[in-house]
1. Name the single residue that is nearest to DNA strand D (Cβ to nearest atom) among those in the stretch B:47-64 being in contact (Cβ under 8 Å) with a residue 24 or more places away in the chain and within 15 Å of A:ASP117 (Cβ to Cβ).
2. Criterion first (within 22 Å of B:GLN106 (Cβ to Cβ) and either of a type outside the set (Ser, Thr, Tyr) or touching a residue at least 24 places away in the same chain (Cβ under 8 Å) (or both)) does B:LEU37 satisfy it?
3. With the checklist (1) at pLDDT 90 or above; (2) within 12 Å of DNA strand D (Cβ to nearest atom); (3) of a type outside the set (S, T, N, Q) in hand, flag the one item A:HIS25 doesn't pass.
4. Identify all residues within the stretch B:46-74 that are crowded, with 23+ Cβ neighbours inside 10 Å and among the small types (Gly, Ala, Ser); write none if there are none.
5. Are any of the residues in the stretch A:102-120 away from chain B (no Cβ under 12 Å), of a type outside the set (Phe, Trp, Tyr), in a helix (DSSP H, G or I) and open to solvent by less than 10 Å² (accessible area, probe 1.4 Å)?
6. Need the failing condition index for A:ILE94 against (1) in contact (Cβ under 8 Å) with a residue 12 or more places away in the chain; (2) more than 14 Å from chain B (Cβ to nearest Cβ); (3) outside any helix (DSSP H, G or I), just the number.
7. In the stretch A:37-56, what residues are facing chain B (nearest Cβ under 9 Å) and in contact with a helix residue (DSSP H, G or I) (Cβ under 8 Å, 6 or more places away or on another chain)?
8. Considering (1) open to solvent by 20 Å² or more (accessible area, probe 1.4 Å); (2) within 16 Å of DNA strand C (Cβ to nearest atom), say which one A:GLU31 fails and leave the rest.
2 protein chains.
Amino acid sequence: MTNIKEIAQYAGVSVSTVSRVMNNHPYVSPEKRKSVLQAIDQLNYSRNINAIHLSKGKTNLIGVIIPFTNHPYYGAIVQGITKQANAIGYHIVIFQTQYEREKEIQALNMLQMKQLDGIIVCSRISEMKVLLDYQKYGPIILCEDTAQAELSSISIDHYAAFSSALEYVVAKGYKKIGYSLGRKKSRNSSLRTKAFNDIMNKYHLLNKKEWLFEGSYHIKDGEKLFQDWNSMIDKPEAIIITNDDTAAGFILTANKFGMKVPEDVAILGFNNDSLSEMLDITTVSLPLDWIGKMAVDLFENPKVIRHVKLDYTLMKRKTI
Amino acid sequence: MTNIKEIAQYAGVSVSTVSRVMNNHPYVSPEKRKSVLQAIDQLNYSRNINAIHLSKGKTNLIGVIIPFTNHPYYGAIVQGITKQANAIGYHIVIFQTQYEREKEIQALNMLQMKQLDGIIVCSRISEMKVLLDYQKYGPIILCEDTAQAELSSISIDHYAAFSSALEYVVAKGYKKIGYSLGRKKSRNSSLRTKAFNDIMNKYHLLNKKEWLFEGSYHIKDGEKLFQDWNSMIDKPEAIIITNDDTAAGFILTANKFGMKVPEDVAILGFNNDSLSEMLDITTVSLPLDWIGKMAVDLFENPKVIRHVKLDYTLMKRKTI
DNA sequence: TTGTAGGCGTTATCAA
DNA sequence: TTGATAACGCCTACAA
């Protein structure tokens, strides 16, 4: 593998001159530049970027932590991240955790070892404390509605979004209302739970523990959710499902069982995936690609810790 | 940032000893090991991996070229790649091309500059010639049914898979058959087109140019596909749609327009996404996660160029 | 079992 | 406008 030194020899200049040519620095005479360029061409030279990384102390790589790659929610965020990252000359390293803490730590270690210039955490496993520990090695951006002030974050106001969805359900006259979350213990979920409890209290509605469902991510989970719901003696009449894929799975399964939405049970989803549009699912639209874009923006300006909130929109369709 | 030298000083040993400890080499006395470990702890040391990369000439990073991140087909493949790559100590850098050639070249350049140890191309843009050019810089694995012998590949036998799907449609008694592809010019598409033409000839069936549709990737494309189909005077009675998302979009739109599948038009999809299962779409199941796994296996053994083919399964359900 | 020294390929500083 | 040379931080013969 030919290196800068060989080019220098071949072109009859010093390595510094070659480096200058490679980096488009000024102060290189046209003749020398030309001979360097020729040498590069002749010897089929290309830079070893690891040497540059070492020398510069950065890699132009951002780590992205997500639980699944094959999920529309994270797919959309990653799409947004990738686009903006590319725009500022960065590339993305995907860490698919499947909610294993170890995978997240791997990413953090790579930040520490300078293989990554920063990390965007789309869904967190470790405690805040851990992330804060690693922050000294590079910017860590959180895509979650965090109250912590020490880490920049970008998120939807999940409390408000869920509240307004629930208010809508209540306004429609439903009294027996259930809801379905991803991981119960996640930040988003706890905000949603708080919103649920607050609103239910406000209207003096029954808040049954069994009407909180968990583990909804994928379309197949919706099938299970329907079965759980269907096997209940006392069923909620409306369910807020915090992800459209699961909502779609629920509705399609219900149809198979000869049940109609919203006649037999009303459904309100989240995310506004194209699938929800196809199925006319009433849902809360979240600007996922913008989350991605903003996360990169926050990464770019690590000096100022900011907590950005993005807006949501209730898409009124036909399932409630 | 503390480095190996400082640790050596602090621990009263040489840098080599520190290096040996870091790499779990034998031949380090317990006492020295201990003092090194202490120094590491005291000084809060962590390795700069870029130096290791430079020194070793590799990064344990594999580039993955895909058109979209938010698509179940590629999501599933990436899932498989990620899993297997992690198992052998590699991480994944995603290149989302959206079919822009430039993005693909970026990845190839990173291979050339040694930021990547290899590349897995899930959907190709550049000509084979270009990829072959870059092969000297590291293994390039192609997830496509390629005839070329110079590059390892992993794929489904798309000719056979499409043929068997079409044979099934014919056997069901359909004579007016259309099909829908992603990019007409892709390798997969050309194999499918060849299969279509061959089978249609074999049975002396009408092969109308207008019944070849293009640009089907996402669920929304299915909506458009339905509209295109619906606006035809002479409609095909069955359509093979080479991706379940689009098939689902087609069917759901058809239902909105009061049409029934398969009564008004029969549909056969590809991929066996969970959505197709939910909707009872007859589809060709492709082992996408295995493609990912095998791609990494091929990357691991770059010495032998191999062309692996994986099996498909026709999932007989209710849309034809 | 340990240490010395050279190499990995660039960039950056400083002097010329 | 150029060139030496010292970083950057680690690995690995080779010698001891």
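1. Of all residues in the stretch B:47-64, those in contact (Cβ under 8 Å) with a residue 24 or more places away in the chain come to B:47-48, B:53, B:57-64.
Checking which are within 15 Å of A:ASP117 (Cβ to Cβ) leaves us with B:48, B:53, B:59, B:61.
Numbers: B:ASN48: 4, B:HIS53: 9, B:THR59: 13, B:LEU61: 17 Å.
This residue is B:ASN48.
2. Details: within 22 Å of B:GLN106 (Cβ to Cβ): no; either of a type outside the set (Ser, Thr, Tyr) or touching a residue at least 24 places away in the same chain (Cβ under 8 Å) (or both): yes.
Criteria not met by B:LEU37.
3. So A:HIS25 meets the others, but not (1).
4. Residue satisfying the conditions is B:GLY63 alone.
5. Yes: one or more hits.
6. For A:ILE94, the exception is condition (2).
7. A:SER46, A:ARG47, A:ASN48, A:ILE49, A:ASN50, A:ALA51, A:HIS53, A:LEU54
8. A:GLU31 satisfies all of (1) open to solvent by 20 Å² or more (accessible area, probe 1.4 Å); (2) within 16 Å of DNA strand C (Cβ to nearest atom) except (2).
The values are calculated or read from the model by the stated rules, or taken from the named source; none is laboratory data. It should be emphasised that the depicted structure is a prediction, and the values quoted were computed from it without experimental measurement. For neighbour counting, all protein chains shown are included, and Cβ atoms are generated from backbone atoms with ideal geometry for every residue, glycine included. Calculation scope for accessible area: heavy atoms of the full protein, side chains included, ligands and nucleic acids excluded. Shrake-Rupley method; radii C 1.70, N 1.55, O 1.52, S 1.80 Å.
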